[in-house]
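Structure first, then comments.
The values are calculated or read from the model by the stated rules, or taken from the named source; none is laboratory data. Keep in mind it's a predicted model, so treat the numbers as computed, not measured. Using ideal geometry, Cβ is built from the backbone for each residue, glycine included, and neighbour counts are taken over all protein chains shown. Heads up: the accessible areas ignore ligands, DNA and RNA and are worked out on the full protein's heavy atoms, side chains in. Shrake-Rupley method; radii C 1.70, N 1.55, O 1.52, S 1.80 Å.
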Amino acid sequence: MAGGGFVTTGEVKNYSGRMTMFVLFTCFVAATGGLILGYDIGISGGVTSMDPFLKKFFPSVYDKMQRDKESRNQYCKFDSQLLTTFTSSLYIAGLIASFFASWVTRRFGRKPSMFFGGVTFLAGAAINGAAKDVAMLIIGRILLGIGVGFASQSAPLYLSEMAPAKLRGALNIGFQLFITIGILAANLVNYGTANIKGGWGWRVSLALAAVPAAIITIGTLFLPDTPNSLIERDHPDQAHAMLKRIRGSDDVEEEFQDLVDASEASKKVENPWRNIVRRKYRPQLVMALAIPFFQQLTGINVIMFYAPVLFKTIGFGSNASLMSAVITGVVNVIATFVSIFTVDTYGRRILFLEGGIQMFISQVLIGILLGIKFGVSGIGDLSKGYANLVVFFICVYVAAFAWSWGPLGCLVPSEIFPLEIRSVGQSINVSTNLLFTFVIAQAFIAMLCHLKFGLFFFFAGWVFVMTTFMYFFMPETKNVPIEEMTLVWRKHWFWGRILPHDDDAALEMASNGQGKAVW
């Protein structure tokens, strides 16, 4: 099968391949790349809710928060563009870095890209932990962002290429699982460091980002490169040996030949950035843009970035808000296992759709509950029972995301691209994700202040749109070998009409030497 074109026999192949300890080890190590992103997502909101941190770096926010205690307006306590710039600067840096990561990943392999991401994240953690002013904080955040950009570009690709087709979903979701573990770890760290006497607990929280960075940096040293990448970089003998090792079988000739064919097609593509906009890649390009765009408009980062801030805003005390963030973190981790155990059995589509419906319902209910208590004035108090009800529905929402749009937002884009545009497609996916992560992170506090409880209706509306979109335009990709994915789009009711057919005859003639290739 040529990576950009056709599939032999017109049917999806079922390569032999089983889970080996070698595959499990390599995928586990690569998946730990998610720790750095998860830890940062969890740590930022907790640190920005700590009074000593605000007093040192953002005194105007701290003073405004004290004044708002008197006005009792719960919606606008933390409205500061400088504060949100601290949080969101990482994502602009990651966006830019992801374009460079695409070139590194294709030219040198997935492994060096992951290693570089870990090293730069480690440097950012050191600078943030020792920060003396806002400038140092933001420089550290930029380095963290570069690390996130490289790791997010390379780790999901590595996982999709190493995993057997029947287990690709579960193994790839390991990346998302470690994101959720990183978030939970950060929430626990924040809960502990907030109580350190002397007001320097925030330094511990920021500096401990070095731990997940060290895990992926050191772990990458023990990883082999993927057969796909080895072939792409002209090491066919090593690729053949690696394919036999990861499949646990000597019977890999057909799969190896498909990888070689895909690589040969890839090398004919001089400019993958220009090539990806061609009509033959239209479905993959649309999904690489739509999935990360929609993922951020679920509103999940509102919860995960600012969980302590959000809970504090709706009336929880400092410790109570941090503990509530821990609770949502636990739910996030547990629910991700649901996806791991179901994604390769029931498929991607059912999780997308069920998760969307559950998120829509819970967000509408959260908006109603906050609207009843705080109205448009932002003035009100939550009883313990009422507050617990809000936390419950937030947990219902987080669970839905954690077994649907969270893991699938990483999995699906990493598995749908043919080799010749795979690193570029992943770069577009990552950069789109980081761009809209930045936009939402930068805008959330102001949106909460102005839209008030209507913010949850805003995100619920988008969840409705994206669930409808996935119902009509996302085909099922479970159990399809990664180099055989083109056929999935050709069989789809809509994309099959979009894809060009004028070169079918030429492709069939070119493959008749093999005797059986068709679209």
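Structure values in brief
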item	result
Selection status of residue 40, surrounded by fewer than 20 Cβ atoms within 10 Å (Cβ to Cβ) and either at pLDDT below 80 or not in a loop (DSSP other than H, G, I, E, B) (or both)	no
Of the criteria (1) within 30 Å of residue 271 (Cα to Cα); (2) at pLDDT 90 or above; (3) loosely packed, with under 15 Cβ neighbours inside 10 Å, which one residue 471 fails	(1)
Filtered residues of the stretch 121-135 (kept if open to solvent by 10 Å² or more (accessible area, probe 1.4 Å) and either closer than 13 Å to residue 152 by Cα or in contact (Cβ under 8 Å) with a residue 40 or more places away in the chain (or both))	122, 126, 129, 130, 133, 134
First in the stretch 439-450 and buried (at least 18 other Cβ atoms within 10 Å of the Cβ), second anywhere and of a type in the set (Val, Ile, Thr) and modelled with pLDDT under 75, Cβ under 6 Å, 6 or more apart	441/87; 442/84; 444/302; 445/84
Neighbours by Cβ (under 7 Å, 6+ apart or cross-chain): first from the stretch 30-54, within 15 Å of residue 186 (Cα to Cα) and in contact (Cβ under 8 Å) with a residue 60 or more places away in the chain; second among the basic types (Lys, Arg) and open to solvent by 10 Å² or more (accessible area, probe 1.4 Å)	49/312
Residue list for the stretch 58-88, restricted to those being open to solvent by less than 10 Å² (accessible area, probe 1.4 Å), modelled with pLDDT of 70 or more and out of contact with any Ser or Thr (no Cβ under 8 Å at 6 or more places or on another chain)	84
Tally, over the stretch 321-376, of residues that are open to solvent by less than 70 Å² (accessible area, probe 1.4 Å) and not in a helix (DSSP H, G or I)	2
Count of residues meeting criterion [farther than 30 Å from residue 418 by Cβ and out of contact with any Phe, Trp or Tyr (no Cβ under 9 Å at 6 or more places or on another chain)] in the stretch 216-243	1
Any hit, the stretch 260-278, residues being over 27 Å from the mean Cα position of the chain (by Cα), aliphatic (A, V, I, L, M) and within 15 Å of residue 482 (Cβ to Cβ)	yes
Lone unmet requirement of (1) open to solvent by 20 Å² or more (accessible area, probe 1.4 Å); (2) outside any helix (DSSP H, G or I); (3) on the phi < 0 side of the Ramachandran plot for residue 479	(3)
Unique residue being of a type outside the set (A, V, I, L, M, F, W, C) and modelled with pLDDT of 90 or more when the list is 182, 198, 192	182
